[in-house]
Every structure is written in C-alpha cells, then in structure tokens.
Amino acid sequence: MKVWIPLIALVLLVGLLLGLRQQPVAMISQESLPAVAASVSSEPVKAPVIQAPQPLPAAMQQAMTQVAAAYQVSSQYPSYSIPLGSQQTELLQPNAGAHSVRDLNTVGLPGQLSIQLSAYRYRQEEPIEADITLSGDDALFSQLSGLTLSVRDNNNAVLLMPQAQIQNNSNEQRLQTRFSSSDNWPTELNLVAELQLSDGSTLRQSAPFQVFTAVAEITGTGTPYVDDNELVIPVNIEKAAAGYYKLAASLHYADKKPLAYLQGKGRIGSSGTLELRVHGSLLYNLDGIQNLWIGNLQLRKMPEKPGPEVQWGFSRDDFYAVKNVDPSRFSPIPFQDEQTLSRLQFLQSLGSPQ
C-alpha cells in the first residue's frame, strides 16, 4: 500500500532535517585565547545566549506534515502484523519466478522472446518448470533455424540441456520444460533460451533462479491463543539446523483473500516453534467466528556472523488452517508504544510552524 513508507527512507529524511536544523558550533581562534583567559580571571562568565532554531521552510513543513500523516496511519499496526491487499504481489508471491522478456525488434526481428519460471527458489527435490514463448510473424520464423534451452551457472558454463515439449501456432512457438537440479549445482543459476538464425548468428535470453538444500521444515501449526489484543499462531518447525530464524507468512480470510502480512523470529534447536502474531484491530470486524488461513510461508536461517549466506527452509503445505477465530475477543484499538508515539510527535513538530 502507498501509505507504507520504508523506514530507511524515513530515517534518511529525518536525519537530513536534523542536520539542517543544527546550529553551528562557535570557534575560538588562537588570538582570542588570552582575552578569554583574562575574562575568566577578572569577571564572572556569562551564560551563552542560545538562539531558538529557525523554522523549516513552508514547503518542507508541508512535506513533513504529509510524512507524519502517513506514519500515523502505518503506525496503527505493529511491523510484524500489517494489513495486506491483493495488489501487494511482492508479499503475496514472495517466491514468484522470473518473467524475462526480450523485444526482438531492437535487433531487427519482428517479435519477442519470453521466459516464465514457475518459481525463483527451488529446493533440491523440487521440479523446475518453465514456459518459453517465441512470438512474431512469418518474417521472424522464416529466419529461425532453431531454439534451444540450457541451464548455466554465473560463469556461463552449461550444466544441462533440458528437453522441452514444443507447440507451434501460426504466430507463436511455445516450449514447456520440466527438469530436476543436480546436487553439485551452485546456488545461482540461469535458464537460457537461445535462438539460432539462418544466417548463423544467435540470440540469447535468460531468467535467473536458485536451488537450495533445506535447513528446516515447517510441518504445521499449533493451537492459536489470544494474548492481550493479539492472536498468536504457533508454527511448528522440525528437522532444523540449530540457529536463529525469521519467518514470514500471509494471513487470509476463509475464501483465501489476503488479510495481513505477518512476521516472527526466534532461535530454534533441532525442532521448535516460531510465533506469528495478528494484531486485534485486523480481526475485530470479522463476520463471526470463522476459520482463517496462513500461507506463502518463507523461513530463513540467518547467518550467525557476517559472510555466510541466508539459508532457507520450506513448508510441507501451501496453507494451514487457523480455526475458530472469534472477532469478539479483539478490539479496534490501534497499536501504540512509547517509541512509536515519540516518533510521531517529533514528525508532527517538524511539520508545525514554530
């Protein structure tokens, strides 16, 4: 949603404003030191006069008023439980596969070449699926002598030439492929479609993807419970490499429409649970007691020290039921804490005339 302003941008803006409002520090030259010493010995030192900071320019005050208003809306919810809409595809489809398109008109060919991967990140046991489409008219296909696929590493070394099913239409050639990764493949890979033209030249288009060995497995959820004005959903994790984990998921209504984006974190041994918390202001207006769903679970094992990459877990199922959520147990009172309130008051003060 447009009202959610990234904290980094907010911090940078506020930091800039603070820098603008700082008063210059008085400098004492070497020549003035004797006079200063004399005044200290002969007369009482007068307290320095501190001038009030100058007000921000009107245009900047207006901008800060808008920033404060947006922050006031976003701060009604804790960062680990925020509203989620159907347009927020980056949160609803966090593992969406690359859709890579090349316009061939730029090289004198009337058409385009596209690659659509079924996901971006695959664990070793998962099949990798992709659709490759070459579209154009007779002027394109009359110059085409072949279309091949390959899996390559970041050094452009060919690791596999996957087979594909080919469908030819009047103005389109479509390839569908399905293959498995190998244990010795690196993490970072590319699926490359290569056009061979009748004049002997070639054109390539690629789409990136990753393969990983899972370090933990989400097996289900425990019994939800209410803590103050929050619904707590325990998520069960097994077969884990011990360490510190972060978990993200989407919460959905009974009909699978999105409701909230949730985040949790904690340390896990070989097994354990991570909690996802739903703020009550997102639940109090549900239409009676009903089952909800959590899905799109993303489990990451964070590195213990700088250097090692993030490692990934996976979920056995795409969705898990959160049963019998009762809206009467929650209130519409917005989330508040002292730190959030202080930030809001500070932003509002920057937008107010002095």
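The values are calculated or read from the model by the stated rules, or taken from the named source; none is laboratory data. Only a predicted model underlies this, so the values are computations on that prediction, with no experimental measurement involved. Every residue, glycine as well, gets a Cβ built from its backbone with ideal geometry; the counts of neighbours run over all protein chains shown. Quick note on the areas: whole protein, heavy atoms, side chains included, nothing else; ligands and nucleic acids left out. Shrake-Rupley method; radii C 1.70, N 1.55, O 1.52, S 1.80 Å.
Only residues that are within 30 Å of Ala164 (Cα to Cα) and aliphatic (A, V, I, L, M): list them for region 181-240, please. Explain how you work it out, then say what you get.
So the first thing to find is which residues in region 181-240 are within 30 Å of Ala164 (Cα to Cα), and the list is 181-214.
Hits for region 181-240 are Leu189, Leu191, Val192, Ala193, Leu195, Leu197, Leu203, Ala207, Val211, Ala214.
When region 276-289 is examined, which residues are found to be open to solvent by less than 40 Å² (accessible area, probe 1.4 Å) and not β-branched (Val, Ile, Thr)? Show your work before the answer.
In the first step, residues of region 276-289 are kept if they are open to solvent by less than 40 Å² (accessible area, probe 1.4 Å); the result is 276, 278-283, 286, 288.
Matches in region 276-289: Leu276, His279, Gly280, Ser281, Leu282, Leu283, Leu286, Gly288.
Can you say whether Gln124 is in contact (Cβ under 8 Å) with a residue 12 or more places away in the chain, among the polar types (S, T, N, Q) and open to solvent by 50 Å² or more (accessible area, probe 1.4 Å), as far as the supplied structure shows? Explain how you work it out, then say what you get.
Details: in contact (Cβ under 8 Å) with a residue 12 or more places away in the chain: yes; among the polar types (S, T, N, Q): yes; open to solvent by 50 Å² or more (accessible area, probe 1.4 Å): no.
Considered against the rule, which asks whether it is in contact (Cβ under 8 Å) with a residue 12 or more places away in the chain, among the polar types (S, T, N, Q) and open to solvent by 50 Å² or more (accessible area, probe 1.4 Å), Gln124 comes out as no.
Search region 83-108 for residues that are free of Cβ contacts under 8 Å to residues at least 24 places away in the same chain and of a type in the set (D, E, K, R) and pair each with any residue that is in a strand (DSSP E or B) and surrounded by 13 or more Cβ atoms within 10 Å (Cβ to Cβ) when their beta-carbon atoms are under 9 Å apart and the residues are at least 6 apart or on different chains.
Close Cβ pairs (under 9 Å, with a partner that is in a strand (DSSP E or B) and surrounded by 13 or more Cβ atoms within 10 Å (Cβ to Cβ)) amount to Asp103/Gly111; Asp103/Gln112; Asp103/Leu113.
Among the residues of region 245-268, write down those that are aliphatic (A, V, I, L, M) and closer than 16 Å to Gln87 by Cβ. Explain how you work it out, then say what you get.
Initial filter on region 245-268 (aliphatic (A, V, I, L, M)): 247-249, 251, 254, 259-260, 262, 268.
Residues satisfying the conditions are Leu259, Ala260.
If a residue must be part of a strand (DSSP E or B) and in contact (Cβ under 8 Å) with a residue 40 or more places away in the chain, how many such residues does region 262-312 contain?
Start the filter on region 262-312 by keeping residues that are part of a strand (DSSP E or B), which leaves 262-268, 272-279, 290-301, 311-312.
Then keep just the ones that are in contact (Cβ under 8 Å) with a residue 40 or more places away in the chain; that gives 262-264, 268, 273-279, 292-301, 311-312.
Result for region 262-312: 23.
Identify, by number, the condition in (1) open to solvent by 30 Å² or more (accessible area, probe 1.4 Å); (2) within 28 Å of Arg121 (Cβ to Cβ) that Gln196 doesn't meet.
Gln196 satisfies every listed condition except (2).
Would you point out the residue of region 200-242, among those that are more than 16 Å from Leu274 (Cβ to Cβ) and of a type in the set (D, E, K, R), that is most open to solvent (accessible area, probe 1.4 Å)?
Across region 200-242, the extreme among qualifying residues is Asp228.
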